[in-house]
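Below: the structure, in structure tokens.
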Amino acid sequence: MPVTLYRHPDIFRHDLAANHVAMHRHRLGYIDSVMTRNKALPTRLARVATVEELLRNHTLPYLKQLANTRELADGQLLALNAETILNRHTWRTTVLSAGAVCQAVEDVQAGATRHAFCIGYAGHHAVASAGGGFCFTNQVAIGAHHALAQGFKAVAILDFDTHSGNGTALSFIAEPRVFFAETYQPGYPGDFLQRGFPVPPHIARRRCNNAQQFQQAWERLLQDVRAFCPDLVLVSAGFDAHVADPLGTLGITDAHYFWLAEEISQLGAPVIATLEGGYSLVDTARCAALFATRLGQ
Ligand SMILES: [Zn+2]
């Protein structure tokens, strides 16, 4: 059954260039154009996340701070920190990105689609009361909370972005109905395990320094995920571990992402992936399309 792409043109209006020199101004729009060119992948227009859905993962004062950016003048920027810059389009961009995942959860539950890929803004560094690392709201975490609220019993989140999904891990540190599995390259923000942060068994994190370690880590992590027997799998699909990426240096190739999609599809549960990092524009778009296409075969 093919993967449904969840997208909305307003998501691509956020000016990304101010966030990092590695970020192409039209990054999301370009990824969207490549993925939607594949007519084998049906598309659905994303809806906005409701305040109730956002509040399951974020505090009200933080959401108000984000929502207030709608009042910024055209071209005016507000920095949450050095790499997380807001403008007047940020709120709509991020609530559509979160809403895409919530909508995909409902559609999977209703049997309207088996698998989904959400072309939205990255979220896995965002914590309850703060954004960070280019992230404003945590889309995959909001989606997992929504899945539990909708009646899913065991939700696995797999995060293969080169950076740690620190915000996602913290969201579910006391929620054993969610199994969080990730690989991450050490030395980046969010690498809190190195500082002795205590984590329970349902938060499974593996450090990697090269492609061989990455593949071995996922072979082990996927065994743990199978033992958890998820009825829904969410994926933080970041492609910045790719060999061509200007940020990550793990040396991952297209073949690794193809292999991961194959392995994840064989878990037997519906899969909803949401885009995270990936800063080599052409390679991220190609790998995201490859991953989504393979997932649906
Ligand atoms: Zn990343």
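Observations, loosely collected:
- In a residue-by-residue description of the range 128-138, the property of being modelled with pLDDT of 95 or more, within 13 Å of Val235 (Cβ to Cβ) and crowded, with 24+ Cβ neighbours inside 10 Å applies to no position.
- Residue list for the range 41-78, filter: closer than 23 Å to Glu106 by Cβ and of a type in the set (Gly, Ala, Ser): Ala46, Ala49
- Under the condition of being open to solvent by 20 Å² or more (accessible area, probe 1.4 Å) and within 21 Å of His163 (Cβ to Cβ), the residues counted in the range 264-279 number 1.
- Once the range 222-267 is narrowed to residues that are among the aromatic types (Phe, Trp, Tyr) and within 16 Å of the ligand (Cβ to nearest atom), the residue that is nearest to Tyr184 (Cα to Cα) is Phe239.
- One residue stands out among those in the range 160-181 that are open to solvent by less than 10 Å² (accessible area, probe 1.4 Å) and more than 11 Å from the ligand (Cβ to nearest atom): the one that is farthest from Gln223 (Cα to Cα), which is Gly167.
- Of all the criteria given as (1) within 14 Å of the ligand (Cβ to nearest atom); (2) in a loop (DSSP other than H, G, I, E, B); (3) farther than 25 Å from Thr137 by Cα, the one not satisfied by Asn209 is (1).
- Checked against the criterion of being open to solvent by 10 Å² or more (accessible area, probe 1.4 Å), more than 25 Å from Arg7 (Cβ to Cβ) and in contact (Cβ under 8 Å) with a residue 60 or more places away in the chain, the range 204-219 has no qualifying residue.
- Restricting Arg13, Arg56, Arg7, Arg44 to those that are touching a Cys at 6+ places or on another chain (Cβ under 8 Å), among the charged types (D, E, K, R) and touching a residue at least 24 places away in the same chain (Cβ under 8 Å) reduces the list to Arg7.
Per-residue answers, yes or no, for (1) assigned to a helix (DSSP H, G or I); (2) out of contact with any Ser or Thr (no Cβ under 9 Å at 6 or more places or on another chain):
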residue	(1), (2)
Ile11	yes, no
Arg25	no, yes
Gly29	yes, yes
His58	no, no
Leu66	yes, no
Ala79	no, yes
Ile85	no, yes
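- Per-region count, the range 48-94, residues in contact with a helix residue (DSSP H, G or I) (Cβ under 7 Å, 6 or more places away or on another chain), open to solvent by 30 Å² or more (accessible area, probe 1.4 Å) and farther than 25 Å from Ile173 by Cβ: 7
- Residue within the range 282-290 that is closer than 27 Å to Gly151 by Cβ, away from the ligand (no atom under 16 Å from the Cβ) and surrounded by fewer than 24 Cβ atoms within 10 Å (Cβ to Cβ) present: no
- Candidates Val108, Val21, filtered to the one that is open to solvent by 10 Å² or more (accessible area, probe 1.4 Å) and modelled with pLDDT of 95 or more: Val108
- Residues of the range 220-249 classified as open to solvent by less than 30 Å² (accessible area, probe 1.4 Å) and either part of a strand (DSSP E or B) or over 14 Å from Ile157 (Cβ atoms) (or both), total: 12
The values are calculated or read from the model by the stated rules, or taken from the named source; none is laboratory data. Since the structure is predicted, the reported quantities are computational estimates derived from the model, not experimental observations. We place every Cβ from the backbone using ideal geometry, glycine too, and count neighbours over all the protein chains shown. When the accessible area is computed, the model is the full protein with side chains, heavy atoms only, and any ligands, DNA or RNA have been set aside. Shrake-Rupley method; radii C 1.70, N 1.55, O 1.52, S 1.80 Å.
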